[in-house]
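This report concerns only the one structure given below.
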């Protein structure tokens, strides 16, 4: 007997919830498009292929839930992202295994030195089960390293690094949630020649200790015409 295809499995699972094949195909198409984009970005910036486990780890649970909710809305299913997650799980590949039999997304270790957050740009969101999920903001790597230094100083917080993806998670003071910083190498902006942060981040100097005045790199200054 022929083995069922992924498409047949997907349609059979969707039918359990009364969802027509064309509707679930539209929803899964949204997720697949995002995955193709991320794999292309990863290949362009780092070389090699972005495995499904690493892709899920990079988005995080809340990020994937948000993507599934968007897919549900696009397919005309309202905001029922949980339903899409349940259906998609039927065709999800088995988790990638390592020597200790743990999926790669659980391979995180304590981050003890802020310099280990080495990417030039990150997409940072604040995630807390008790509040709305932050849409996320682009940070320079320099700003993240300063934030990590402040957050972990004097035992105010803790940080972890997932080496497979570069994702950093850290807590800060009395906040109940955590900040999740995902590498975003395609979001780099011109950096200050003194502190390394972006120009718009200098308004945050009181919290993170960056210099108060943005100093453009020499190459940028040289490009300014002299009257």
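Considering only residues in the range 74-92 that are closer than 21 Å to residue 38 by Cα and assigned to a helix (DSSP H, G or I), the one that is farthest from the chain's Cα centre (by Cα) turns out to be 74. Restricting the range 139-168 to residues that are under 13 Å from the mean Cα position of the chain (by Cα) and modelled with pLDDT of 90 or more leaves a set whose member that is farthest from residue 49 (Cα to Cα) is 139. Being under 15 Å from the mean Cα position of the chain (by Cα) and either modelled with pLDDT of 80 or more or surrounded by 16 or more Cβ atoms within 10 Å (Cβ to Cβ) (or both) is a property that residue 7 lacks.
Restricted to the range 188-198, and to residues there that are surrounded by 14 or more Cβ atoms within 10 Å (Cβ to Cβ) and within 30 Å of residue 40 (Cα to Cα), the residue that is farthest from the chain's Cα centre (by Cα) is 192. Taking (1) more than 17 Å from the chain's Cα centre (by Cα); (2) at pLDDT 90 or above; (3) surrounded by 15 or more Cβ atoms within 10 Å (Cβ to Cβ) in turn, residue 121 satisfies each apart from (1).
What are the pairs, 6+ residues apart or on separate chains, where a residue within the range 192-221 that is farther than 17 Å from residue 121 by Cβ and assigned by TED's automatic domain parsing to the domain that holds residue 152 has its Cβ under 8 Å from a residue that is at pLDDT below 80 and surrounded by 15 or more Cβ atoms within 10 Å (Cβ to Cβ)? From residues that are farther than 17 Å from residue 121 by Cβ and assigned by TED's automatic domain parsing to the domain that holds residue 152, the pairs are 211/205; 212/205. Just give me the residues in the range 13-53 being at pLDDT below 85, surrounded by 13 or more Cβ atoms within 10 Å (Cβ to Cβ) and either not in a helix (DSSP H, G or I) or not assigned by TED's automatic domain parsing to the domain that holds residue 86 (or both), in sequence order. 50, 51, listed by residue number. If we keep just the residues of the range 83-97 that are over 14 Å from residue 13 (Cβ atoms) and exposed (fewer than 13 other Cβ atoms within 10 Å of the Cβ), which is modelled with the highest pLDDT? Here the answer is 93. Scanning the range 164-179 for residues that are touching a residue at least 40 places away in the same chain (Cβ under 8 Å) and either over 19 Å from residue 115 (Cβ atoms) or assigned to a loop (DSSP other than H, G, I, E, B) (or both) yields 164, 165, 166, 175, 176, 177, 178.
Check residue 176 against each of (1) within 30 Å of residue 52 (Cα to Cα); (2) surrounded by 15 or more Cβ atoms within 10 Å (Cβ to Cβ) and name the one condition it does not meet. Unmet condition: (2).
The values are calculated or read from the model by the stated rules, or taken from the named source; none is laboratory data. Treat the numbers as computed from the prediction; the structure is a model and nothing was measured. Glycine gets a Cβ as well: all are built from the backbone with ideal geometry, and neighbour counts include every protein chain shown.
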